[in-house]
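See below for the structure under consideration.
The values are calculated or read from the model by the stated rules, or taken from the named source; none is laboratory data. This structure is a prediction, so every number in the text was calculated from the model and none was measured. So basically every Cβ, Gly included, is an ideal-geometry build from the backbone, and we count neighbours across all protein chains shown.
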Ligand SMILES: [Zn+2]
């Protein structure tokens, strides 16, 4: 049974991503992995993590607990990039959990990007995107039984 993927914006009105929306890229990531295993995409095309990303992965990456889907020789780690006003255009890559938490709790809203990286073969793929900081729902949660 064929499933027709609706890729790209279809229709006339392009809706901007809603604030507060969390986007998972697991399916897209799995599709890439399948394409590589099927020989439709070259390993060199997906294992081309930027040296800075690799360095971040080695130094501050948090273990994902999963083996690399490409080389299957090393465990992948997760690196988080934070985008927002006052941060570098290429995103801020917090060096410590403390810094990451501080960025997430900023008064100004930020966008966080979790990236899966294999330090061994340089495989990398976006895992999820989620907003933080600012007046997020969690920050405004009413105190129960106040
Ligand atoms: Zn790998």
note = residue 78 passes all but one of the listed conditions (1) loosely packed, with under 12 Cβ neighbours inside 10 Å; (2) within 16 Å of the ligand (Cβ to nearest atom); the exception is number (1)
task = Please work out if residue 117 is within 16 Å of the ligand (Cβ to nearest atom) and touching a strand residue (DSSP E or B) at 6+ places or on another chain (Cβ under 6 Å).
result = yes
key: Residue list for segment 38-65, filter: within 15 Å of the ligand (Cβ to nearest atom) and touching a residue at least 24 places away in the same chain (Cβ under 8 Å)   = 43, 46, 47, 48, 49, 53, 54, 57, 58, 61, 64
remark   = With criteria (1) under 30 Å from residue 35 (Cβ atoms); (2) surrounded by 16 or more Cβ atoms within 10 Å (Cβ to Cβ); (3) at pLDDT below 95, residue 90 comes up short on (2)
